[in-house]
Amino acid sequence: MNLLFAAIGVTLGTLVGVLPGIGPALTIALLLPVTFTFSDPVGAFIMFAGIYYGAMYGGSTTSILLNTPGESASVATAMEGHLMARRGRARAALATAAIGSFVAGTISTVLLTFVAEPVGRLAATFQAGDYFALTALAMVSVTALVGRSTVRGLLSLSLGLFVGLIGLDAMTGQPRFTFGVPLLSDGVDVTIVIVGLFAIGEVLFCAANVRRGDDTMQPLERSGFRTGWLSAGDWRRSWRPWLRGTALGFPFGALPAGGAEAPTFLSYTIEKRLAERSGGGEFGRGAIEGVAGPEAANNASFSGVLVPLLTLGLPTSATAAVMLAAFQIFNVQPGPQLFQTSGPLVWALIASLYLGNVLLLVLNLPLIQLWVKVLLVPRPLLYAGILVFATVAVYALNGSLFEVLVAYAIGVAGYFMRRHDFPVAPAVLGVILGPMMETQLRRALVVADGDFLTVVSKPSTAAILIVAGASLAVPYLPKIVARLRRRPVPAGRLAFGDED
């Protein structure tokens with residue numbers, strides 16, 4: 001059964017990655033209510049993991065053939081991948097993306113296997129103040145780096161914190177922000193928030209922009225029986241970028257706000273500079289290195305994301321936040337004790353990553369032509385189906401029409417957030433991590449008899465809070481460095497997307 005769930009996960013993940021605007025966070029959010037009937041959560045998490053890294057590969061298909069990245073982490077792939085497709089080398093681009101994802105995924109999973117448990121043992125020494133500081137770091141750093149405006153990010157985070165506080169106070173039993181509505185006493189279920197923001201809000205935004213952009217698809221060249229495979233020269237030019245991309249993707253994925261966008265762009269830049277030093281290569285005309293490196297970094301980052309999620313209970317991306325909500329639904333709390341309390345679940349999940357990478361390779365190399373056909377699904381039918389499924393999923397939670405209305409209200413808010421460039425990821429992190437941060441802070445204050453200095457009295461806690469404050473300046477580092485070097489100051493700020 002677990003093998004079946006792994007196969008379903010990578011298939012669904014590739015499918016949603018191929019479809020522009022339909023990301024892994026949305027898909028996992030829609031499937032959360034479906035997994036309530038599972039007696040064993042292992043199969044659900046194996047499927048969710050397959051959806052996550054399957055979507056990372058699937059996004060390369062639209063990037064290469066349509067020049068329309070399905071995920072923000074696939075933007076770097078589109079730069080050279082689409083140029084390769086226009087030169088008649090679409091199959092080679094898709095093949096190096098698939099094989100690079102397999103290589104990077106396998107190596108990074110090996111690293112995860114040996115790194116996760118020692119990190120968990122280290123985290124077991126953390127106290128309430130340390131967890132407060134870590135949750136603050138995760139929220140502030142993601143807010144700072146996601147989106148085009150720090151102010152908009154902080155407002156989005158504040159909205160999430162507000163929604164997370166609705167309901168009865170866990171320590172005193174007093175109602176908060178219920179506005180006299182008894183149905184809000186239990187708070188707003190995190191599944192409703194996630195489905196509203198990622199499913200309903202995303203579909204409304206995509207439907208509003210369905211006729212924008214160029215939908216001209218580059219055709220696949222004919223290659224007989226050897227569909228999608230690489231020539232000897234392509235192998236020779238790809239294997240080093242695969243390894244370099246893996247080395248970048250895994251550590252970046254483990255960092256707060258690291259995600260997949262930063263290592264993919266960094267990998268692209270490194271490959272381009274290496275090519276320039278060796279004579280220029282084909283960058284700007286469709287270089288296979290510009291596809292191999294970023295795609296390896298993209299897939300390797302997923303295993304990195306699992307390190308803080310499993311060992312500290314901290315999500316470093318929007319999809320990881322949705323997976324954290326899934327853990328909470330099954331009454332499993334990721335953190336230092338996870339390997340002791342739920343060891344079989346964790347090791348089954350890690351083992352599924354090895355098998356999932358093989359399944360992903362076997363699935364995608366022969367079926368490239370099939371995924372191209374998926375792009376022909378009419379967008380209105382697709383979005384209408386997602387809305388129906390989202391509505392049924394929310395209603396199935398408790399059979400409450402009120403919860404459906406709340407989900408749609410959150411979805412409308414999510415639509416306006418996307419339309420006016422308010423990032424969604426900080427809001428999700430606020431809903432999920434806000435109550436956790438509040439609980440840990442209040443525990444620390446109880447132990448310290450109400451002394452707020454206890455938060456900064458421990459050197460490790462103070463250091464984490466200093467890093468959290470400093471992360472607000474990271475988006476402006478390019479400007480600061482340019483001024484120090486007396487070079488032209490770049491416009492805008494360093495920012496990444498929040499779909500992953």
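The values are calculated or read from the model by the stated rules, or taken from the named source; none is laboratory data. Given the structure is predicted, the values throughout are model-derived calculations rather than measurements. Cβ sites come from the backbone with ideal geometry, for glycine too, and all protein chains shown count toward neighbours. These accessible areas exclude ligands, DNA and RNA; they are computed on the full protein's heavy atoms, side chains included. Shrake-Rupley method; radii C 1.70, N 1.55, O 1.52, S 1.80 Å.
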- Would you mind telling me which numbered condition in (1) open to solvent by less than 50 Å² (accessible area, probe 1.4 Å); (2) closer than 29 Å to ALA326 by Cβ; (3) in a helix (DSSP H, G or I) ARG443 fails? (1)
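Which residues, taken from segment 255-278, are of a type in the set (A, V, I, L, M) and either modelled with pLDDT of 80 or more or out of contact with any Ser or Thr (no Cβ under 7 Å at 6 or more places or on another chain) (or both)? Working first, answer last.
Here is the first cut: in segment 255-278, the residues of a type in the set (A, V, I, L, M) are 255, 257, 260, 262, 266, 270, 274-275.
Of everything in segment 255-278, those that are of a type in the set (A, V, I, L, M) and either modelled with pLDDT of 80 or more or out of contact with any Ser or Thr (no Cβ under 7 Å at 6 or more places or on another chain) (or both) turn out to be ALA262, LEU266, ILE270, LEU274, ALA275.
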- Item | Lone qualifier among PHE225, PHE252, PHE283 - being under 26 Å from the mean Cα position of the chain (by Cα), at negative phi and at pLDDT below 85 | PHE252
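Here's the yes/no breakdown for (1) among the small types (Gly, Ala, Ser); (2) open to solvent by 50 Å² or more (accessible area, probe 1.4 Å); (3) in a helix (DSSP H, G or I):
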| site | (1), (2), (3) |
| --- | --- |
| ARG91 | no, no, yes |
| ALA95 | yes, no, yes |
| SER101 | yes, no, yes |
| SER108 | yes, no, yes |
| GLU117 | no, yes, yes |
| ARG121 | no, yes, yes |
- Item | Yes/no for LEU3 being of a type in the set (A, V, I, L, M), in a helix (DSSP H, G or I), over 19 Å from THR109 (Cα atoms) and touching a residue at least 40 places away in the same chain (Cβ under 8 Å) | no
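Tally time: how many residues in segment 309-318 are part of a helix (DSSP H, G or I) and open to solvent by 10 Å² or more (accessible area, probe 1.4 Å)?
Of the residues in that region, 1 qualify.
When only residues in segment 282-308 that are assigned to a loop (DSSP other than H, G, I, E, B) and aliphatic (A, V, I, L, M) count, which is nearest to SER231 (Cα to Cα)?
If we filter segment 282-308 for residues that are assigned to a loop (DSSP other than H, G, I, E, B), which is where we start, we get 282-288.
Subsequent filtering for residues that are aliphatic (A, V, I, L, M) retains 287-288.
Numbers: ALA287: 14, ILE288: 12 Å.
The qualifying residue nearest to SER231 (Cα to Cα) is ILE288.
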- Given the conditions (1) more than 30 Å from VAL291 (Cβ to Cβ); (2) touching a residue at least 60 places away in the same chain (Cβ under 8 Å), which single one is not true for ALA116? (1)
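If the requirement is being open to solvent by 10 Å² or more (accessible area, probe 1.4 Å) and under 27 Å from VAL424 (Cβ atoms), which of these qualifies: GLN333, GLN337? Don't jump to the end; show me each part of the working.
Working: GLN337 fails: under 27 Å from VAL424 (Cβ atoms).
Result of the check over GLN333, GLN337: GLN333.
In this structure, does ALA85 turn out to be within 21 Å of LEU230 (Cβ to Cβ) and without any contact (Cβ under 8 Å) to a residue 60 or more places away in the chain? Step through it out loud before you land on a result.
Details: within 21 Å of LEU230 (Cβ to Cβ): yes; without any contact (Cβ under 8 Å) to a residue 60 or more places away in the chain: no.
The answer is no for ALA85.
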- Query: Which of the residues spanning segment 28-45 are under 18 Å from ASN299 (Cα atoms) and open to solvent by 10 Å² or more (accessible area, probe 1.4 Å)?
  - Reply: none
- Message: Can you tell me how many residues within segment 152-184 are of a type in the set (A, V, I, L, M) and not in a helix (DSSP H, G or I)?
- Response: 5
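Residues being small (Gly, Ala, Ser) and modelled with pLDDT of 80 or more: count how many of those fall in segment 170-200. Spell out how you get there, then give the answer.
Residues of segment 170-200 small (Gly, Ala, Ser): 170, 173, 180, 185, 187, 196, 199.
Among the residues that remain, those that are also modelled with pLDDT of 80 or more are: 180, 185, 187, 196.
Looking only at that region, the number is 4.
Residues checked against (1) within 21 Å of LEU472 (Cα to Cα); (2) out of contact with any strand residue (DSSP E or B) (no Cβ under 6 Å at 6 or more places or on another chain); (3) open to solvent by 30 Å² or more (accessible area, probe 1.4 Å):
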| position | (1), (2), (3) |
| --- | --- |
| LEU137 | yes, yes, no |
| LEU157 | yes, yes, no |
| THR172 | no, yes, yes |
| SER185 | no, no, yes |
| VAL193 | no, yes, no |
